[in-house]
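Notes follow the structure.
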Amino acid sequence: MSEIPAKATESEDPSDGARTKSAGGGSGDGAPPTDAMPPTDAMWQSSPPGSMYDYIKVASFSIGPDGLVDQWSLRAEQLFGIPAERVVGMDPIEAFVDPDLREQSRRKMTEILDGREWTGVVPFRVPDGEAGRRGEEGIAEVYVMPTRTAEGDKAAVCIVVDVRTLRRIETDLAASQAIFGQSPFGFLLIDSDLKVRRANERFASIFGGRPDDHRGKGVHDYLPRGEAERVAATLRRVLDSGEAVTDLHVTGFAPGSDERRHWSVNLYRVHSGSGRPIGIAWLGTDITARRAAAREAAAARRNLALLNDAGARIGNSLDLETTARQLLDVVVPGFCDLATVDLYQGLLAGDETPPGLADGSAALRRVAFASAVSEAPLSGTGEPVELGAVHHYPFNSPCADALRTARPVTVPGEDGGLVQSTLAVPMVAQDTVVGLAQFSRAKGSEPFGQRDRDLAVELAARAAVNIDNARLYRREHERALILQRSLLPPGDPEASGLDIACRYLPGSAANGRPSEVGGDWFDVIELPGHRTALVVGDVMGRGLRAAVAMGELRTAVRTLALLDLEPAEVLSQLDEIARGLGAPGGVQQATRAARRPREADLSEVYLATCIYAVYDSVTRRCTFANAGHLPPVLVEPGESALMLDVPPGMPLGVGGEPFEEVEVELPEGALLALYTDGLVESRAHPLDEGLQAFVGALTDPSRPLEDVCDNVLNTLDSHHREDDIALLMARVQGLPAESVGDWTLPREPRSVGRAREYARAQLTAWDLEPLIDTTELLVSELVTNALRYGEGEIRLRLLLDRTLVCEVWDSGLVQPRRRRARDTDEGGRGLQLVGLLSAAWGSRRTTHGKTVWFELPLPDGENVLTDPAEALLSLF
């Protein structure tokens, strides 16, 4: 430091900003000291930015020959908090040193003024009276250098540093070194030229060498070109903007390794003590394992999502092709780029074990295909197979091997082809291979791994179970439909005095649910006397159980109808039968179970609705009885359709309630419609609306019945097929009066001969001479029996329609019984003769007795009549 003049005026030192003042406290011209002080941050910056003086604030003051403060710098004002106006001229020992240390300090001051340098740590305190820092204590590191004034007097210059600042810098350096050297992360300090200024041991352990070996390198020395340019641009942005970047993912390779590594890097700008940006801090950690774990977790989540999706979407249909398509909807494109499903043709056809199933040589049919790649082939392996085509895999092919061994096989793609690789996965259900699923990925996609193989096997197994269920359901459904249709009338039913048309539509899939056979049925039963029983019924419920119950009830109806019971009595007997269907012991067991609630729970309940009508073509009268069924609809010529008021009664199987009968005379040409609720009821329309629509559809009964049926089905939008539909329509065509011969005979022997005369005359009028001899003989037998075993008047009636029917009425209740006469018996062969000569014969009860009848076919060249004489001789 240069010599300091003894009497210098106030001035500003360019480096320290110090003020000087004469020892007497005034200027040379006696002017008062100025209070002006330049700003504390005013500085001529001549040293390089970021020098130590930015961190260590050095203060200075000087001591004159008298031991008093002669000069006091601005930094001293900042350090001690005392302005120069007050401290210049003060004894520094008295002002700043603790009283206990003043004696020792004076000796030191004397030595200093004698020309000796001194460096030491001096405790100090701020003198009382200073605002804001009264009595504050501190420690200063002081460097005292002896000097002389211009007059040659001894003086001293003191350089002062606050020890607290030094200790803080020391601590910061130690902490910085500890963090930088001991950090488990790769730590770099990058300068403004994007070159490594410093690297820590962790970074060097990854990229080799010592930390100092990386000094001066850039990101292009560590990363591939494209990645390096991206990272360099990010570094430049952080340096320019000062915005930190967190979790920047960087990909590269460690020296000597081909394994791709991943790092997560945090970047932030570093500043000097004066706030100037000097570089970038790079804090990086290796996340390769974490990325691999994340990929595994993502793959596991994807696979779980696929399995969940498969559980929700596969198997909600019992259709084979639909189930196969559902599998492909799940896997394409979420799992693979294209996929196919092949099923064994023999299993699709219903065979249990088609030939070649075990060795994989059986024929397969392509049932489903899906692709997320345009112009993709229909097969990932071998020759393309069109959808729906039946084909074979070569015996030595990978697909055939997968079918034989029931294990998945990975098939590499062909050179130059679109497919990278294919997984051929057998579809196994109940230890049986039902088909093959192929999952292919196009080139550029991630190759199949072990996890993918396991997932493919699981997806194929789930689909296989559902496909096998669909196959079994289809087989059982077809069998149930065969059973159901076998129980319905074959072809178009025919009846005397009625033109009949019918429709039966089994329920099909509705709202994506599989169809099941139902319990709807109809029947047309010819009764003696040119009468016809019309039956429509509906067993509640669906499935094979309902179809079997329907078959049992239909058989019972036909049996009861042949007994010629009244309609109400037929339904009463059916009610008893329905009540006994669900109990092993029949009706009695069901009745006892109903008295014991626990056993009643074990008995199945079969409920059914049924309407039973008997139409007499001679009188055109129809008798109805209803068991909980929908009312019949009648359309008279020239009138609007109406629903007949037939008491509904209780459904069959409920029991305990009698059924009522209603008799209605039907005009010629009238149209009668019987139906089940599947025709008029659906989820979209309530029953009342359906009934009104049905009645409104029957607007023109004169049209052909087939057209009327079609119009009804189209009008009622019956294609929804939520339930079975049975529709039976009959147009009344009464037997003409000229086709009926009716006579009453008194109860006397002459009535036998008179009955033969009436029969001969009527057959002659009808031009049926070939039937006269046989008819006379049989009429004679029946009238004779009526005279011998019957009661009251005898009535003879001949009816001509598709056949000739002869009826003999009497008031007796005893039914005729056919017996075998012995050779020595003179009688007992009459009913045997009736059975031999007639096409059919029988007896039925009436309101006032019984009727015995026989039927003869009309001569048409095909029917050969039995000669009465030969028939009579055959009885002996």
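The values are calculated or read from the model by the stated rules, or taken from the named source; none is laboratory data. Fair warning: this is a prediction, and the values are worked out from it, not measured in the lab. Positions of Cβ are backbone-derived with ideal geometry, glycine not excepted, and every protein chain shown enters the neighbour counts.
Quick notes
- Selection within the stretch 790-823: residues that are of a type in the set (V, I, T) and surrounded by 13 or more Cβ atoms within 10 Å (Cβ to Cβ). The member of this set that is modelled with the lowest pLDDT is T803.
- Evaluation of G152 against (1) surrounded by 16 or more Cβ atoms within 10 Å (Cβ to Cβ); (2) modelled with pLDDT of 80 or more; (3) out of contact with any Ser or Thr (no Cβ under 9 Å at 6 or more places or on another chain); (4) of a type outside the set (D, E, K, R) (one fails), failing number: (1)
- Residue in the stretch 767-789 that is part of a loop (DSSP other than H, G, I, E, B), modelled with pLDDT of 85 or more and aliphatic (A, V, I, L, M) present: yes
- Residue in the stretch 740-763 that is on the phi < 0 side of the Ramachandran plot, in contact (Cβ under 8 Å) with a residue 60 or more places away in the chain and not polar (S, T, N, Q) present: yes
- Restricting the stretch 323-332 to residues that are surrounded by 19 or more Cβ atoms within 10 Å (Cβ to Cβ) and in contact with a helix residue (DSSP H, G or I) (Cβ under 8 Å, 6 or more places away or on another chain), the residue that is nearest to A470 (Cα to Cα): T323
- Every pair of residues 6+ apart whose Cβ atoms lie under 7 Å, when the first sits in the stretch 397-409 and is touching a residue at least 40 places away in the same chain (Cβ under 8 Å) and within 13 Å of M427 (Cα to Cα) while the second is part of a helix (DSSP H, G or I) and of a type outside the set (S, T, Y): P408/A402; P408/R453; P408/A456; P408/V457
- Which listed residue is at pLDDT 90 or above, under 21 Å from F659 (Cα atoms), outside any helix (DSSP H, G or I) and out of contact with any Ser or Thr (no Cβ under 7 Å at 6 or more places or on another chain), from L565, L534: L534
- Those residues of the stretch 747-763 which are farther than 25 Å from T803 by Cβ and out of contact with any helix residue (DSSP H, G or I) (no Cβ under 9 Å at 6 or more places or on another chain), in sequence order: R750
- Candidates are the residues of the stretch 473-519 that are at pLDDT below 80 and basic (K, R); the one that is nearest to the chain's Cα centre (by Cα) is R513.
- Selected residue [in contact (Cβ under 8 Å) with a residue 24 or more places away in the chain and under 23 Å from T340 (Cα atoms)] from T234, T285, T251, T323: T323
- Conditions (1) touching a strand residue (DSSP E or B) at 6+ places or on another chain (Cβ under 9 Å); (2) within 19 Å of F207 (Cβ to Cβ); (3) among the basic types (K, R): number failed by R225: (1)
- Single residue of the stretch 225-260 satisfying the filter (of a type in the set (A, V, I, L, M) and part of a strand (DSSP E or B)) that is nearest to H214 (Cα to Cα): V250
- Within the stretch 387-422, the set of residues being assigned to a helix (DSSP H, G or I) and within 15 Å of A358 (Cα to Cα) comprises C399, A400, D401, A402, L403, R404, T405.
- Elements of type helices (runs of 4 or more DSSP H) contained in the stretch 52-117, each with 2 or more residues being in contact (Cβ under 8 Å) with a residue 40 or more places away in the chain: 74-80, 84-87, 102-113
- For the residues G279, G315, the requirement of being more than 18 Å from G435 (Cβ to Cβ) and either in contact (Cβ under 8 Å) with a residue 40 or more places away in the chain or among the hydrophobic types (A, V, I, L, M, F, W, C) (or both) singles out G279.
- Complete set of residues in the stretch 824-869 that are of a type in the set (S, T, N, Q) and modelled with pLDDT of 85 or more: S838, S843, T851
- Of the criteria (1) in the same structural domain as V633 (by TED's automatic domain parsing); (2) crowded, with 17+ Cβ neighbours inside 10 Å, which one L777 fails: (1)
- One residue from R261, R269 being over 14 Å from L188 (Cβ atoms) and surrounded by 15 or more Cβ atoms within 10 Å (Cβ to Cβ): R261
- Among the candidates R291, R276, the residue that is at pLDDT below 85, more than 14 Å from I206 (Cα to Cα) and surrounded by 15 or more Cβ atoms within 10 Å (Cβ to Cβ) is uniquely R291.
- Filter result (in a strand (DSSP E or B), modelled with pLDDT under 80 and surrounded by 15 or more Cβ atoms within 10 Å (Cβ to Cβ)) within the stretch 123-149: F124, R125, G138
- Residues that are loosely packed, with under 14 Cβ neighbours inside 10 Å, outside the structural domain of L534 (by TED's automatic domain parsing) and in contact with a strand residue (DSSP E or B) (Cβ under 7 Å, 6 or more places away or on another chain) are absent from the stretch 475-491.
- Residue match in the stretch 262-276 (condition: basic (K, R), over 40 Å from the mean Cα position of the chain (by Cα) and part of a loop (DSSP other than H, G, I, E, B)): yes
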